[in-house]
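K.L.:
Can you keep this structure in mind? I'll have questions shortly.
The values are calculated or read from the model by the stated rules, or taken from the named source; none is laboratory data. Here the structure is a predicted model, which is why all the values come from computation and not from measurement. Using ideal geometry, Cβ is built from the backbone for each residue, glycine included, and neighbour counts are taken over all protein chains shown.
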Amino acid sequence: MNNRLLIACWILAVVFGPVLGCRPAARDGRPGTGGSGAKRIIILTNGDDPFWDAMRRGMEKAAEDFKLADSGLSVYLDKGDFGEEMQINKLKQYATQSDIVAVGISPLSADSRGIANAMRELRKKGVHVITVDSDLNRERFRDARFAYLGTDNIVGGRELGRCARGLLPSGGKYAAFVGVKEVANAQERTQGFQEGAGEKFVRVEYLSDDGNENRAQENVKVALNNHPDLNLLVGIWAYNAHAIVKVVRERKVRDKVKVVVFDAAPLALADMKAGDIDAMVVQNPYQMGYLATKLMKALVEDDHEAVHELYPDYDPQTRKFQSENGDILNTELRVVVPDASSPLKPDMFESTTRFFVYPEFRKWLAERKLTGS
C-alpha cells in the first residue's frame, strides 16, 4: 500500500470511525483496546468451552434488542484459562481501563480471596460487578458483587440425581468428573446430585482435571479400573460428557454403565444421538448472556426500574435488596433424553424444569442458531 493510500485511510478512520461504530456487539474481549470510544461491558469466563459460545450469542442478541450501540456501549466475552491467577490479573487489568464500566465474572474459585478483592477494587472504581454462571461464597464475599445471575446449581444437581434414580431405581456406585472442584457450581452440583439420587447411590470417585480434556479421559479410565462394579458415570462440566463417552466406547462397557451429564456441548449432543448418553441436565447460557447484558446496561445507566424487573426484590427507591437472597436470579434448566422410550418422564422433575426429547431440543437450538447449550 502506498503512502497516499495510507494517509487517506488514516483520515477516514479519524473522521468517520466514531460515527460508523463498526465494533462487533460481542466478541472475545481485549482489554486495552478502546476502539470507537464505546464504553465496554465484559463477561469474564472461568475457562474456554463451547458452553460460552452460546452465552456470546445471547450477549449479541441483547446488544441488538437493547440498542447498546445507541447508548455508547459494547459488550465483550473474555475467556479465562481455568487459572485463578489469570482471573485476578484480568480483573486488575480491567481496573486500569477507563472505558470498562461493567464486568460479569464466573469465578474460578468460590472461596478465592484474591478474586473477591479484585472485584471489590473494581467496584470502588465505580465499575459495576456481577457474577454469572457461578457465584462466590455468599457468606464471605457477597459484597464483592452486586448480584448473581445463573443456574441454581443445587437444583440442577438434584435434577441430574433424579435422572440417575429414574434410570437405576435400585441405585449403585457412581463416579463423578469435573474440571475444578473449588468452583461454586461444581460444589453445588455434586451436593445436589447426591440429594436427588438418594441414599441408594454411593459415590466412589470424584476426580478433577483442571480443564485438561486428556486428563478428563484418564480420570474415567482410573475410575473404571479402580471400580469394575461402577454402573453410573456423571459429568459435572460440559466437556466431561464426551470424555466419558470416548472411554466407555473404547472399553466397550456401555451395556454396564449409565451416563448422565450436565450441559449439551456439541460433541455431547452427537453422543446422545448415537445412544451413548442417557440424560442431560442443560443450562441456558444463551439466557445468561442475554440477561446479564440487560442487567449490566441497566446498572450503567442507573435504570433501577429495569433492575427491579429482573430482581423483583430490588427496591428502586432504596436501591437495596429486601431479602437475603433477593440478589439471586435463577435461569432456566432443561432435562434432555434421547427419545420417548426413556424411563425418564416430565413428572419426575420440578415443574419449572423444561423436559425435551432429543429431536425437540435440537429444534430449540436451531431456532436460536445455537450448536450447543
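K.L.:
Looking at the range 318-373, what strands (runs of 3 or more DSSP E) fall wholly within it and have at least 2 residues that are among the aliphatic types (A, V, I, L, M) and within 17 Å of Gln283 (Cβ to Cβ)?
P.N.:
Once the strands (runs of 3 or more DSSP E) in the range 318-373 are filtered for at least 2 residues that are among the aliphatic types (A, V, I, L, M) and within 17 Å of Gln283 (Cβ to Cβ), what remains is 328-330, 334-337.
K.L.:
Would you be able to tell me the number of residues in the range 148-166 that are among the hydrophobic types (A, V, I, L, M, F, W, C) and either buried (at least 22 other Cβ atoms within 10 Å of the Cβ) or over 17 Å from the mean Cα position of the chain (by Cα) (or both)?
P.N.:
Final tally of qualifying residues: 4.
K.L.:
Could you please give the count of residues in the range 339-355 that are touching a residue at least 60 places away in the same chain (Cβ under 8 Å) and touching a strand residue (DSSP E or B) at 6+ places or on another chain (Cβ under 7 Å)?
P.N.:
So the count comes out to 3.
K.L.:
Could you run through the range 92-114 and say how many residues are aliphatic (A, V, I, L, M), at pLDDT 95 or above and buried (at least 24 other Cβ atoms within 10 Å of the Cβ)?
P.N.:
The number of residues fulfilling the criteria is 3.
K.L.:
Something else about it: List the pairs whose first member sits in the range 99-119 and is not assigned by TED's automatic domain parsing to the domain that holds Phe82, whose second member is in a helix (DSSP H, G or I), and whose Cβ atoms are under 6 Å apart, counting only residues at least 6 apart or on separate chains?
P.N.:
Close Cβ pairs (under 6 Å, with a partner that is in a helix (DSSP H, G or I)) do not exist here.
K.L.:
Going through the range 167-195 one residue at a time, which ones are in contact with a Gly (Cβ under 9 Å, 6 or more places away or on another chain) and surrounded by fewer than 23 Cβ atoms within 10 Å (Cβ to Cβ)? So that I can check it myself, show each step before the final result.
P.N.:
Within the range 167-195, the first condition is being in contact with a Gly (Cβ under 9 Å, 6 or more places away or on another chain), and the residues that meet it are 171, 176-180, 185-186, 188-195.
Across the range 167-195, the qualifying residues are Gly171, Val180, Glu188, Thr190, Gln191, Gly192, Gln194, Glu195.
K.L.:
Go through the range 189-223 and count every residue that is in contact (Cβ under 8 Å) with a residue 40 or more places away in the chain and not in a loop (DSSP other than H, G, I, E, B).
P.N.:
Within the range 189-223, the first condition is being in contact (Cβ under 8 Å) with a residue 40 or more places away in the chain, and the residues that meet it are 189-190, 193, 195, 201, 210-211, 219-220, 223.
Those left that are additionally not in a loop (DSSP other than H, G, I, E, B): 189-190, 193, 195, 201, 219-220, 223.
Qualifying residue count, the range 189-223: 8.
K.L.:
What number of residues within the range 66-91 satisfy the criterion of being more than 22 Å from Val282 (Cα to Cα) and either in contact (Cβ under 8 Å) with a residue 60 or more places away in the chain or polar (S, T, N, Q) (or both)?
P.N.:
Count: 9.
K.L.:
A further question follows. Of all residues in the range 129-145, count the ones that are touching a residue at least 60 places away in the same chain (Cβ under 8 Å) and more than 19 Å from Thr331 (Cβ to Cβ).
P.N.:
Looking only at that region, the number is 1.
K.L.:
Do we have Gly156 as out of contact with any Phe, Trp or Tyr (no Cβ under 8 Å at 6 or more places or on another chain), over 20 Å from Thr293 (Cα atoms) and at pLDDT 95 or above here?
P.N.:
no
K.L.:
Further question on the same structure: Only one of Gln283, Gln322 is in contact with a strand residue (DSSP E or B) (Cβ under 9 Å, 6 or more places away or on another chain) and surrounded by 20 or more Cβ atoms within 10 Å (Cβ to Cβ); which? Let's see the steps before the verdict.
P.N.:
Values: Gln322 fails: surrounded by 20 or more Cβ atoms within 10 Å (Cβ to Cβ).
Residue meeting the stated conditions: Gln283.
K.L.:
Which number in (1) buried (at least 22 other Cβ atoms within 10 Å of the Cβ); (2) closer than 28 Å to Ala116 by Cβ; (3) not polar (S, T, N, Q) marks the one condition that Ala63 misses?
P.N.:
Single failed check for Ala63: (2).
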